[in-house]
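Q: This is the structure I have questions about; it appears just below.
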């Protein structure tokens, strides 16, 4: 299985400054939740085009995600925020219980003022195999 998805740039994709919901549940910022929801549905649709092959992600056989970033400027960013957001959205899109068995790593990171965004590649094979 190999899925590649292009996502638009979103400013401040961060898990910082979460808010407590009315019944005690935590929420990310609205724009972050919306971006994650969109990515989850994009993953689900692309997975459907492959016939939804069974994915049994475990600690031994995780799902691998490569995150290529096209940033709008040279500002420093916290990569862990992007990894968390993407891993959770991918897990939701593939209908996995959680992101525990999703391994995310950085791919190419460039500054592209004309076309900022992300390319997310999901596979069940480790790089080099």
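Q: Within segment 7-38, how many residues are modelled with pLDDT of 80 or more, touching a strand residue (DSSP E or B) at 6+ places or on another chain (Cβ under 6 Å) and either in a strand (DSSP E or B) or closer than 16 Å to residue 88 by Cα (or both)?
A: Summing the residues that are modelled with pLDDT of 80 or more, touching a strand residue (DSSP E or B) at 6+ places or on another chain (Cβ under 6 Å) and either in a strand (DSSP E or B) or closer than 16 Å to residue 88 by Cα (or both) in segment 7-38 gives 2.
Q: Go through (1) in contact with a helix residue (DSSP H, G or I) (Cβ under 8 Å, 6 or more places away or on another chain); (2) surrounded by fewer than 11 Cβ atoms within 10 Å (Cβ to Cβ) and name the single condition residue 43 misses.
A: The one condition residue 43 does not meet is (2).
Q: Could you list, in sequence order, all residues of segment 97-115 that are surrounded by 15 or more Cβ atoms within 10 Å (Cβ to Cβ) and assigned to a helix (DSSP H, G or I)?
A: The answer is 99, 101.
Q: Which of the residues that make up segment 43-72 are assigned to a loop (DSSP other than H, G, I, E, B), within 21 Å of residue 15 (Cβ to Cβ) and either modelled with pLDDT of 90 or more or more than 18 Å from the chain's Cα centre (by Cα) (or both)?
A: From segment 43-72, those assigned to a loop (DSSP other than H, G, I, E, B) are 50-62, 72; that's our starting set.
Now drop any that are not within 21 Å of residue 15 (Cβ to Cβ), which leaves 62, 72.
Matches in segment 43-72: 72 only.
Q: Taking the stated definitions as given, is residue 118 buried (at least 19 other Cβ atoms within 10 Å of the Cβ) and modelled with pLDDT of 90 or more? I'd like the intermediate steps shown before the answer.
A: Details: buried (at least 19 other Cβ atoms within 10 Å of the Cβ): yes; modelled with pLDDT of 90 or more: yes.
Yes; evaluated as a whole, the condition is true for this residue.
Q: Ok, one more. Is one or more of the residues making up segment 80-96 surrounded by 14 or more Cβ atoms within 10 Å (Cβ to Cβ) and in a loop (DSSP other than H, G, I, E, B)? Outline the logic, then answer.
A: Quick first cut of segment 80-96, residues surrounded by 14 or more Cβ atoms within 10 Å (Cβ to Cβ) only: 81-94, 96.
So of that shortlist, the ones also in a loop (DSSP other than H, G, I, E, B) come out as 94, 96.
Yes, there is a match, as at least one residue in segment 80-96 is surrounded by 14 or more Cβ atoms within 10 Å (Cβ to Cβ) and in a loop (DSSP other than H, G, I, E, B).
Q: What single numbered condition from (1) more than 29 Å from residue 50 (Cα to Cα); (2) over 15 Å from the mean Cα position of the chain (by Cα); (3) in contact (Cβ under 8 Å) with a residue 24 or more places away in the chain fails to hold for residue 79?
A: Condition not satisfied by residue 79: (2).
The values are calculated or read from the model by the stated rules, or taken from the named source; none is laboratory data. Because the structure is predicted, anything quoted here is derived from the model rather than measured. Every residue, glycine among them, receives a Cβ derived from its backbone with ideal geometry; neighbour counts consider all protein chains shown.
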